Amino acid sequence: MYLLSRYIKEKTDSTVIFSGEGADEVCQGYIYFRDAPDASAGDKESRRLLSDIYMYDGLRADRTTAAHRSLAICY
C-alpha cells in the first residue's frame with residue numbers, strides 16, 4: 001500500500017484512495033467463516049473483527065497512505 005500510495009501521489013491528482021480493507025470482514029471472506037457453527041456465530045465474528053479493524057488493517061492503511069498525504073477509505 002505504501003508503494004501504491006507513493007505512485008498515486010507522484011503520477012496522479014487523486015487524494016482519496018479506496019483500499020478495500022475490511023471487505024473480508026464484512027463479506028465473511030476468510031476461510032474460517034465457512035466453518036462457523038451457524039450464521040449467528042459468523043455474524044458475531046464479523047462484527048468483532050470490524051470493531052477492531054482500526055487497530056490493525058485500518059491503521060496500516062492510514063499510516064502507509066498518510067506518508068504520501070492521501071486519504072484511505074476502508075470499507
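The values are calculated or read from the model by the stated rules, or taken from the named source; none is laboratory data. The structure displayed is predicted, hence computed values, not measured ones. Cβ coordinates were reconstructed from backbone atoms using ideal geometry, including for glycine residues, and neighbour counts include every protein chain displayed. Each accessible area value is taken on the protein alone, full model and side chains, heavy atoms only, with ligands, DNA and RNA left out. Shrake-Rupley method; radii C 1.70, N 1.55, O 1.52, S 1.80 Å.
Here are a few things to note about the model shown:
- Residue within segment 60-68 that is on the phi < 0 side of the Ramachandran plot, within 13 Å of the chain's Cα centre (by Cα) and without any contact (Cβ under 8 Å) to a residue 24 or more places away in the chain present: yes
- Residues (among the basic types (Lys, Arg), more than 18 Å from the chain's Cα centre (by Cα) and at pLDDT 90 or above) located in segment 24-59: LYS44
- Hey, GLU21 in a loop (DSSP other than H, G, I, E, B) and at negative phi or not: yes
- Hits in segment 1-18 (condition: part of a strand (DSSP E or B) and open to solvent by less than 100 Å² (accessible area, probe 1.4 Å)): VAL16, ILE17
- Of all residues in segment 38-59, those being closer than 14 Å to VAL26 by Cα, of a type in the set (D, E, K, R) and open to solvent by less than 90 Å² (accessible area, probe 1.4 Å) number 4.
- Scanning segment 3-25 for residues that are under 15 Å from TYR56 (Cα atoms) and touching a residue at least 24 places away in the same chain (Cβ under 8 Å) gives SER19, GLY20, GLU21, GLY22, ALA23, GLU25.
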